[in-house]
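Notes follow once the structure below has been shown.
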C-alpha cells in the first residue's frame with residue numbers, strides 16, 4: 001500500500017505539471033522557465049499555492065490575492081493523473097522497466113492531449129512530435145544496447161528491425177485510415193490532429209492493441225455522442241473532439257487488450 005501511495009502522490013505532482021503543459025503549449029509558451037501565475041491578477045504563485053489538490057481545497061478554489069475563481073481543471077487533472085498512474089502500475093509488474101516507463105510517458109502525454117482537445121478542439125503538434133522523438137530515442141537506445149551486449153551487429157539489427165518495422169506499419173495503417181476518413185468527410189468528421197494521434201498510437205502499441213484502441217474509441221465515441229444528443233447538449237452536425245476517445249481507447253487497450261478481445265468474442269460469437 002505504501003508503494004501505491006507513493007505512486008499516487010507522484011501522480012498528483014505530475015498532474016500539476018500536466019496542467020502547466022495544458023495551459024501553455026497551445027499558446028506557444030515555455031513550460032520550464034516561467035513561474036506559474038494567477039490567470040487573473042498575473043501575480044506569481046508561491047510554493048504553498050501550488051500543492052496539488054490541497055492548495056485548491058484550502059483556497060476554496062480561489063486566488064489568495066485577487067480571489068479570482070480557479071478552474072476545476074487543476075484538481076481534476078491532478079486526481080485523474082494520480083488515479084491513472086496507480087492503475088497502470090497496479091496492472092504492471094512491480095519492477096521499473098523501460099517498457100513501463102515508455103508506457104507511462106505515452107499515457108501522461110495522452111492526458112494532456114485529451115484535456116487540450118476538450119478545451120480547444122486541437123491536438124498540439126508539439127506533443128505529437130515529442131512522442132515521435134521518444135519512439136526514435138528509445139528505438140535507438142535499444143539498438144545500441146543490444147549491439148553493445150552482443151557484439152554481432154548484423155544479427156542484432158535484424159532482430160531490432162522486426163518490431164520497429166511492425167510498429168511503423170501499424171502506425172501507417174492507423175494514420176492512413178484516419179486520413180481517409182478526413183478526405184471522405186472533408187474534414188468535418190475527423191481532423192489532422194486525429195490522423196497524427198492515430199499514427200503515434202501505432203508507434204507505441206502493437207498492431208492488435210492499435211486495432212482494439214481504435215475500435216474502442218469509436219464505440220465509446222458513439223455512446224457518448226448518443227448520450228449528448230439525448231441530453232440535448234449537442235446537435236447533429238456539431239463538432240465533438242475525437243482525441244479523448246482515441247486516448248481512452250489507447251489506455252484501455254494498453255492495459256486490457258486481450259481481455260477486451262475475449263469479452264468481444266464472448267458477447268458476439270455465436271456458439
Give the relative contact order (percent, whole number) for segment 1-156; include only Cα pairs under 8 Å separated by 6+ residues.
27
Distance in nm between pseudo-label sites at residue 269 and residue 7 (7 Å out along the Cβ direction from Cα):
3.1
Quick one: check the C-alpha center-to-center distance for segment 221-271 versus segment 65-84, whole angstrom.
26
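Given a cut-off of under 8 Å on Cα pairs at least six residues apart, what relative contact order in percent is computed for segment 124-270?
22
Please list the equivalent ellipsoid semi-axes of segment 124-270, computed as the square roots of five times the alpha-carbon gyration tensor eigenvalues, in descending order and whole angstrom. Don't skip to the end; give the middle numbers.
Values: eigenvalues 233, 72, 29 Å².
Equivalent-ellipsoid dimensions as semi-axes: 34, 19, 12 Å.
Rounded to the nearest 500, what is the chain's calculated 222 nm mean residue ellipticity when only DSSP H runs of at least 4 contribute -39500 (n - 2.57) each, over all residues?
On the way: 9 runs with 191 residues, N = 271.
Mean residue ellipticity at 222 nm (helix-derived): -24500 deg cm²/dmol.
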Quick calc, residue 222 & residue 96: beta-carbon distance into FRET formula, R0 41 Å, rounding 0.05, result 0.65
Would you report the distance distribution of C-alpha pairs in segment 1-91 as whole percents per 5 angstrom bin, up to the bin with the largest distance?
3, 14, 22, 24, 18, 11, 6, 3, 0
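Under the classification rounded if a/c is under 1.5, otherwise prolate if a/b is larger than b/c and oblate if not, where does segment 213-271 fall, given a ≥ b ≥ c as square roots of the Cα gyration tensor eigenvalues? Could you put the intermediate results ahead of the total?
Details: a/c = 3.55, a/b = 1.71, b/c = 2.08.
Since a/c reaches 1.5 but b/c is at least a/b, the shape of segment 213-271 is classed as oblate.
Remind me, relative contact order of the chain in percent, using alpha carbon pairs under 8 angstrom and six or more residues apart?
On the way: 269 pairs, mean separation 45.3, N = 271.
Computed over the chain, the figure is 17 percent.
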If the convex hull of the alpha-carbon atoms of the chain is projected onto planes in all directions, what is the mean projected area in square nanometres?
19.4
Kirkwood Rh in Å, taken over all unlike Cα pairs in segment 1-158:
17.8
If each residue of separation counts as 0.36 nm, what is the full-extension length gain between residue 53 and residue 206 once their alpha-carbon separation is subtracted?
51.5 nm
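Quick note: the coordinates plus some simple rules give every number you see, no bench work behind them. Bear in mind the structure is a predicted one, so any value in this text is a computation, not a measurement. Methodologically, a virtual Cβ is constructed for each residue, glycine included, from the backbone with ideal geometry; neighbour enumeration extends over all protein chains shown.
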